[in-house]
Amino acid sequence: MQISSSPILDTKESSGISDFNNDSDNKILNTQLSVATLVNETDENSYEEICEDFEDDINGYKFQTVAANTDMSTIINADPNKGNSDNSLGELLDFIKNNKDSVAEKLNGTKTYTKPEEEIEDGAKYNINKKIEASSQGKIGDCWLLAGLNSLSFSKEGKQIIKDSITDNGDGTYKVYFKGVKVSCKVTTEDLDKARASKNYSTGDDDVLLFEIAAEKFLRALQDKRVDDSKFASNAPEFLYGENGNPLNGGFPNDILYLMVGKNADYKIIKDKGFNLESFYDRIEYNPDNSAACLHIKPDNNWGFDTLAKDIYGQTVVLTKDNDNHAWSIKSVEGDVVTMVNPWNSNDEVMISKQELQDNVLGYEYLAI
């Protein structure tokens, strides 16, 4: 639940997760590339079968052709011990070249080859449905991540970004694509099993757990220098590293928002009690379809007491515990009432007045998606 106040980069940390998989969208399954290169350009049916086989990577074709003509250094390898992706990319580009007419038709046309969305397949162990639903924060201090995810899920644009970030590989593994840094992380059923069994991660929605694991893998790989942060955009945040050996402990909602969206949130730290939050609230109220917003709550005078407030019904709300800063998502603003969601239990919405919040706010983050 803690929000770190300054970036900490532990370059000596070497306990990286070995199965971090940062294959970016340029990488197609090598085992199927040889099949793809044999397709004749006039064989439309065979091409369509290829499209179906690679349905989750169709958008990758566009990215790959752009990447091939711009800066190959932006493509991060899946395995740091296995050379680069030039061979795979070369085979793919040969396939596109040999089938350019049908590729253009399929990529630019209105017909797409995708499976219908299903809530959960028969026999599936986890319900990864590409939606953020009710969850509760675990022992890890990653309220920043959960608050950011929840804030994205409250808008139409945010829902689409979440959906586009997840690929079900169909073999018990998933790919989470972080658009902001052009890195993908592979998450297996075994990863999900271990996280659930540890009781340290969030409970409830499996998609939230998926993002927790993927973000942890990315941050550990960044720590271990398996990801070259010099390739990130110049405005990328200095991703925070947490306490007790887990990089998810401590951060800002902007970290996950940037990873998902590729844009920095407007962030303000409020030092004076009289700070006017109205402009912040106005942006949420008048742009509900493309806003992601979070509030940072400060502890009560650093005495170790819970920070309490009253909702609009007079019920006591615990805004944060002990001496920890804490991040909340804002779902909506209507007049003087702010509807907030706590990562401790995102199923419960708290309606509270702006005035009641005023003296408890440490800062805010607002992103126009």
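The values are calculated or read from the model by the stated rules, or taken from the named source; none is laboratory data. Here the structure is a predicted model, which is why all the values come from computation and not from measurement. No Cβ is skipped: glycine too gets one built from the backbone with ideal geometry, and neighbour counts run over all protein chains shown. We work out accessible area using only protein heavy atoms, side chains counted, and drop any ligands, DNA or RNA first. Shrake-Rupley method; radii C 1.70, N 1.55, O 1.52, S 1.80 Å.
Key figures for this structure:
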{"item": "Candidate set: the range 310-338, residues that are closer than 15 Å to L362 by Cα and in contact with a Leu (Cβ under 9 Å, 6 or more places away or on another chain); chosen: the one modelled with the lowest pLDDT", "result": "N325"}
{"item": "Test: residue in the range 221-236 that is buried (at least 22 other Cβ atoms within 10 Å of the Cβ) and under 22 Å from K131 (Cβ atoms)", "result": "no"}
{"item": "Identity of the residue in the range 329-354, touching a helix residue (DSSP H, G or I) at 6+ places or on another chain (Cβ under 6 Å) and either among the aromatic types (F, W, Y) or part of a loop (DSSP other than H, G, I, E, B) (or both), that ends up nearest to G148 (Cα to Cα)", "result": "P343"}
{"item": "Residue within the range 284-298 that is surrounded by 15 or more Cβ atoms within 10 Å (Cβ to Cβ) and either touching a Lys or Arg at 6+ places or on another chain (Cβ under 6 Å) or without any contact (Cβ under 8 Å) to a residue 40 or more places away in the chain (or both) present", "result": "no"}
{"item": "Lone unmet requirement of (1) at pLDDT 95 or above; (2) out of contact with any Cys (no Cβ under 6 Å at 6 or more places or on another chain) for S151", "result": "(2)"}
{"item": "Index of the failed condition, L145 passing every other in (1) out of contact with any strand residue (DSSP E or B) (no Cβ under 6 Å at 6 or more places or on another chain); (2) outside any helix (DSSP H, G or I)", "result": "(2)"}
{"item": "Selection within the range 134-162 - open to solvent by less than 30 Å² (accessible area, probe 1.4 Å) and of a type in the set (V, I, T)", "result": "I140, I162"}
{"item": "Residue in the range 349-356 that is touching a residue at least 60 places away in the same chain (Cβ under 8 Å), closer than 22 Å to A134 by Cβ, open to solvent by 80 Å² or more (accessible area, probe 1.4 Å) and of a type in the set (D, E, K, R) present", "result": "no"}
{"item": "Subset of the range 217-263 (residues that are more than 26 Å from Y366 (Cβ to Cβ) and either at pLDDT 95 or above or assigned to a helix (DSSP H, G or I) (or both))", "result": "K217, R220, A221, Q223, S230, K231"}
{"item": "Those strands (runs of 3 or more DSSP E) lying entirely in the range 163-214 with at least 3 residues touching a Phe, Trp or Tyr at 6+ places or on another chain (Cβ under 8 Å) and buried (at least 20 other Cβ atoms within 10 Å of the Cβ)", "result": "183-188"}
{"item": "Looking only at the range 186-205, and only at residues there that are touching a Gly at 6+ places or on another chain (Cβ under 9 Å) and of a type in the set (V, I, T), the one that is farthest from K125 (Cα to Cα)", "result": "T203"}
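Residues checked against (1) exposed (fewer than 15 other Cβ atoms within 10 Å of the Cβ); (2) of a type outside the set (A, V, I, L, M, F, W, C); (3) under 30 Å from D224 (Cα atoms):
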position: N246; (1), (2), (3): no, yes, yes
position: D255; (1), (2), (3): no, yes, yes
position: Y258; (1), (2), (3): no, yes, yes
position: G314; (1), (2), (3): yes, yes, no
position: I330; (1), (2), (3): no, no, no
position: E334; (1), (2), (3): yes, yes, no
position: T339; (1), (2), (3): no, yes, no
